[in-house]
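We did not get these values from a lab; they are worked out from the coordinates using the rules stated. Values in this document were obtained by computation on a predicted structure and should not be read as measured data. Neighbour counts are summed over all protein chains in view; Cβ atoms, including those assigned to glycine, are modelled from backbone coordinates with ideal geometry.
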Amino acid sequence: MSLARRIIPCLDTDGERVVKGVNFVNLRDAGDPAALAARYNIEGADELVVLDIAASRDHRPTFLETIRRVAAELAIPLTAGGGVANVDEGRAILRAGADKLTVNTAAIRNPPLLTALAAEFGSQAVVLAIDAKRVGDRWEAFVRGGSEPTGIDAVAWARQGVECGAGEILITSMDKDGTRSGFDCPLTAAISRAVSVPVIASGGADTPDTFLEVFREGRADAALAASIFHDSIQGLGALKRYLGENGVSVRQTG
Amino acid sequence: MNIALVEYGAGNLPSVERALARLGVQSRRASSPEALADCDALILPGVGHFGALMRSLGERALVKPLQDAVSRGTPLLGICLGLQAMFATSDEAPGDVGLALFPQKVSALPPADRLPHMGWNQLRRARPSKLLEGVPQDAYFYFAHSYAALDAGEAGVAFCDHCAPFVAAIEQGNIFATQFHPEKSGPAGAQILSNFLRHAGGKG
C-alpha cells in the first residue's frame, strides 16, 4: 500500500477550446474540453489540468464557464489556472469547480500571493507552475507563457515558492515541451530533491518508457501530458498497465 | 430523502452536489440552524483550514445545531476537513474547538514523506463497516491533506499509511466520515456515497 503515482492529462485552452502547438505557437484546435474531460475521466486519468493559455481578461468569463463544463464531467480532481493574479481570481476558479489552482507569472513577481492563496484556500489547493529552460549549468524560470526570462533559478524559486505556501509544484521543461523526446529527468529530480511537496513533471511525454523514467530517475510524483492523449497516441489504460508491470504504484482502473 | 449539505462559506459543495446528482439524489444546502434541523441526513464537506471552518460554523450559529442533529440520530457524513471538524481539537488551529463528536485530536502528519498527502491511496480495513460495503479491498481513494486523526478509538474503521498510520474512514452509530474525497474518487468513491445514502434512507 502506497501513494500512487498520478497520470494527468492537460487541456491547454484558449479559454473555450482545447488548443495545441509547440511552445504556444502554431496553435490549432484540438477539441471540446468537456468532451475530452469526459473521455479521460472514464479512461482512468488520476486528475485533470485545464489551463487558459490566452489568459486575457476579456476571455476570463468564458474560461470560468469552461471550468464549469469540465468539472461537470469529472469524478476526479480538477486543477485550473492561467493568469491568476490575485485571491479573487483564484476564488472564482475554485468556485467554478476546480479543486486546485495554478499560479505562475503573478507568483514570481509577487511571492506573497502564494501565502495569501494558501491562507485563503489551504496549501493543498495552490499549485506553483514553473516554466524552466536550461541556461548554462542551471535552469532559469520564464514567465508569460515562456516568453520572458526572469534571471531567477528555477530550483531556488521552487524552494522559495513552497516556503511561501505552494502545496505542489508543476514543473514544465521548455526545452522538452512539445518535442516528444522524454521528460527532463535531471530538472524534475533537481526540483523534487529541493522541495517537500509533490512534484508534477511536464513537457516531453512520449512512450510509456518516458513516464517510467520520470517516475524513477526524475523522482516525479505525477506526470502530465497533453497531445499524446488528445491524439490517442497513448492510451491511459495501457500506460498505467505498463507502469504497474514495471513496479510503479499506479491506480489501475480495469 | 432530504439530504442537506452544510454550507458555511467555504468547502467544495458543487463537486459533492454533482457526485450525489450522478447517483440520482437531489441535495440542498443548509446554512441556518433551522435548515439543519429539517433534514434526513447531513453532509459536512470541507477543504481549507480547521480554524476557518470552525469560525465559519460559529458565525452562522451552526455548531450546536450540528451536535444536536447528531444526538437526535440524524446520519452525518464528514468529508476531509469535515472529518477533522468532528474531533475535539487540531494541531492546525491550537485553541480552536471542534465539534468534539470524538474526544481525540487531529495531528499534523510527521514530515516523513511528501506533504501534503496528495493523490490516490489505498485503505487498510480495521473492521467491517457499512460505509465500505462492496468496495474492493484494493480500491484507491483521492486524498489531499497535511493533517489527520491518528486515533478515533473504535470509530476508526479504515486506516491509511502516509508519513504515519492515520484514520481514513470513521463509522460510529449515525456518524460517518472519510479523510479522502469520495466525490473525487471515481467509482469507488461513488460506492461510498451510495452506501451512506442507503443507510441514511433506511433511517428516514
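Within 15 Å, Cβ to Cβ, of A:Pro112, how many net charges do the neighbouring residues add up to if Lys/Arg are +1 and Asp/Glu are -1? Each step should come with its number before you reach the end.
Values: positive: A:Arg109; negative: A:Glu120, A:Glu163.
Charge balance near A:Pro112 sits at -1.
Given just the C-alpha atoms of the range A:28-73, how large is their convex hull per residue in cubic angstrom?
Values: hull volume 3.5 nm³, N = 46.
So the per-residue Cα hull volume is 77 Å³.
Can you sort A:Asp46, A:Asp231, B:Asp151 so the residue with the fewest Cβ neighbours within 10 Å comes first? Walk me through the numbers on the way to the answer.
Details: A:Asp46 25, A:Asp231 11, B:Asp151 16.
Going from sparsest to densest Cβ surroundings: A:Asp231, B:Asp151, A:Asp46.
Beta carbons within 10 angstrom, averaged per residue: use that to sort the peptides B:118-125, B:39-46, highest first. Can you show the working numbers first?
Details: B:118-125: 21.2, B:39-46: 24.0.
Going from most to least packed, we get B:39-46, B:118-125.
Treating only the Cα positions of the range B:92-198 as identical point scatterers, give the base-10 log of I(q)/I(0) from the Debye formula at each q in 0.20, 0.21, 0.24 Å⁻¹.
Scattering profile of the range B:92-198, log10 relative to I(0): -1.08, -1.18, -1.45.
Under a Cβ-Cβ cut-off of 10 Å, what is the net charge of the residues other than B:Lys130 that fall near it, where Lys and Arg count +1 and Asp and Glu count -1? Before the final figure, lay out the partial values.
Details: positive: B:Arg198; negative: B:Glu133, B:Glu171.
Surrounding charge for B:Lys130 is -1.
What Kirkwood hydrodynamic radius, in Å, does the range B:3-203 give when the mean of 1/r is taken over all pairs of distinct Cα atoms and then inverted? Let's see the in-between values first.
Working: mean 1/r = 0.0607 Å⁻¹.
In the range B:3-203 this quantity evaluates to 16.5 Å.
How well do other chains shield peptide A:157-170, expressed as the mean number of their Cβ atoms within 10 Å of each residue Cβ? Spell out each step's value before the answer.
Numbers: counts 0, 0, 0, 0, 0, 0, 0, 0, 0, 0, 5, 5, 0, 0.
Average neighbour count from other chains, rounded to a whole number: 1.
For peptide A:198-209, how many partner chain Cβ atoms fall within 10 Å of a residue's Cβ, on average? Mind showing how you got there, number by number?
Details: counts 7, 1, 1, 0, 0, 0, 0, 0, 0, 0, 0, 0.
What the average comes to for A:198-209 is 1.
Project the alpha carbons of chain A onto their principal axes and report the range along each, largest first, in whole Å.
That works out to 44, 42, 39 Å along the principal axes.
Please report B:His49, A:His230 as a ranked list, fewest other C-beta atoms within 10 angstrom at the top and most at the bottom.
Working: B:His49 23, A:His230 19.
Arranged by neighbour count, lowest to highest, B:His49, A:His230 become A:His230, B:His49.
Please report Rg (one decimal) and Dmax (integer) in Å for the Cα set of the protein assembly as shown.
21.2, 68
Please compute P(r) over all alpha-carbon pairs of the range A:120-220, binned at 10 Å starting from zero, and give each bin as a whole-number percent.
Going out from 0 Å in 10 Å bins, the range A:120-220 shows 17, 50, 30, 3 percent.
How much of the DSSP beta bridge set in the protein assembly as shown is antiparallel, as a percent to the nearest 5?
On the way: 34 of 82 bridges.
About 40 percent, rounded to the nearest 5.
Once Lys and Arg get +1 and Asp and Glu get -1 on their Cβ, which of B:His162, B:Ser71, B:Gln191 lies farthest toward the positive end of the dipole of chain B?
Farthest towards the positive end: B:Gln191.
After finding the eigenvalues of the alpha carbon gyration tensor for the range A:188-249, what semi-axes result from the square roots of 5 times each, listed largest first in whole Å? List each step's numbers first, then the result.
Numbers: eigenvalues 85, 37, 14 Å².
Semi-axes from the Cα gyration tensor: 21, 14, 9 Å.
Per residue of B:178-187, what is the mean number of Cβ atoms on other protein chains within 10 angstrom of that residue's Cβ?
On the way: counts 0, 0, 0, 3, 1, 4, 7, 4, 10, 4.
Mean partner shielding for this stretch: 3.
Setting aside same-chain residues fewer than 8 positions from B:Lys105, which lysines have a Cα under 27 Å from its Cα?
Reachable lysines: A:Lys100, B:Lys64, B:Lys130, B:Lys184.
Taking the alpha-carbon distance from A:Lys133 and a cut-off under 21 Å, which lysines remain once sequence neighbours fewer than 8 residues away in the same chain are dropped?
Partners found: A:Lys20, A:Lys176.
When the helices in chain B are scored as -39500 (n - 2.57) per DSSP H run of 4 or longer and the sum is shared across all residues, what 222 nm value do you end up with, to the nearest 500 deg cm²/dmol?
Values: 6 runs with 57 residues, N = 204.
The helix-only estimate for chain B comes to -8000 deg cm²/dmol at 222 nm.
Roughly how large, in nm² to one decimal, is the mean projection of the convex hull of the alpha-carbon atoms in the range A:39-173?
On the way: hull surface 32.8 nm².
Dividing the Cα hull surface by four gives the mean projection, 8.2 nm².
So what's the net charge close to A:Ser173: Lys and Arg +1, Asp and Glu -1, counting the other residues with Cβ under 11 Å from its Cβ? Intermediate values should be presented prior to the final figure.
Working: positive: A:Lys133, A:Arg134, A:Lys176; negative: A:Asp131, A:Asp175, A:Asp177, A:Asp184.
Around A:Ser173, the surrounding residues sum to -1.
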